[in-house]
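The structure appears right after this line, and notes come after that.
The values are calculated or read from the model by the stated rules, or taken from the named source; none is laboratory data. Fair warning: this is a prediction, and the values are worked out from it, not measured in the lab. We place every Cβ from the backbone using ideal geometry, glycine too, and count neighbours over all the protein chains shown. Surface accessibility is based on the protein's heavy atoms, side chains included, excluding ligands, DNA and RNA. Shrake-Rupley method; radii C 1.70, N 1.55, O 1.52, S 1.80 Å.
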Amino acid sequence: MTWKRVLAVLAAVVIVVAAVIVVKVAYGLQHTHTNPAQSSTPIPSTPAAPSSAAVALTVSDRFCQPDKAKNAWQRSLTPYLTPDAWQLYSAVQPANVPCADVHDDGKPVGDQQTSTDRAYQFTASTGGPVTVTLHRDTKQDPWLASYINAGQE
């Protein structure tokens with residue numbers, strides 16, 4: 001056997017060994033990333049939906065911001081409103097809102113505290129009590145504000 005043939009056979013063996021190593025590594029990586037049971041990284045869980053009281057506080061706090069620009073005020077409030085409430089409050093100028101600085105002291109009000117309807121009343125430093133009425137069509141739906149009564153008992 002000549003040196004040329006020995007080198008050619010040796011080169012072929014090295015290429016085959018390298019190909020086998022690449023295939024094994026690729027196969028191992030593929031199974032590591034597709035099998036969540038073998039992963040040490042925890043799978044994030046879906047956060048719990050906010051409670052009706054938390055939604056009511058958020059709505060009252062965002063509603064009672066008379067110093068906010070109209071577009072920013074509307075954008076902050078819109079995700080928490082029913083379509084009818086959005087239509088009603090889209091015409092409101094924040095400067096005309098009679099409340100400011102809502103306190104986290106909300107209490108349920110009214111006798112219609114059901115799985116789809118709730119109301120909470122908060123105190124505000126300016127403008128008196130703020131009542132937020134919430135609604136959802138089913139127990140799985142998020143709570144949305146259907147009415148906000150600010151500055152009146």
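Some values worked out for this structure:
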item: Of 77, 149, 65, farthest towards positive along the dipole that unit charges on Lys, Arg, Asp, Glu beta carbons give the chain; result: 77
item: Proximal aspartates and glutamates relative to residue 139, as straight alpha-carbon distance under 14 Å, when same-chain residues fewer than 8 apart are discounted; result: 117
item: Values of log10 I(q)/I(0), in the order q = 0.16, 0.19 Å⁻¹, for the chain under a Debye, Cα-only, solvent-free model; result: -0.86, -1.09
item: Virtual spin-label span in nm between residue 100 and residue 24, 7 Å along Cα→Cβ; result: 7.3
item: MRE, 222 nm, helices only [DSSP H, n ≥ 4, -39500 (n - 2.57), over the chain, to nearest 500]; result: -12500 deg cm²/dmol
item: With every protein chain in place, segment 67-126: carbon and sulfur % of accessible area (1.4 Å); result: 51
item: Accessible area in square angstrom per residue, the chain, 1.4 angstrom probe; result: 69
item: Distance between modelled label sites at residue 75 and residue 114, nm, 7 Å Cα→Cβ extension; result: 3.7
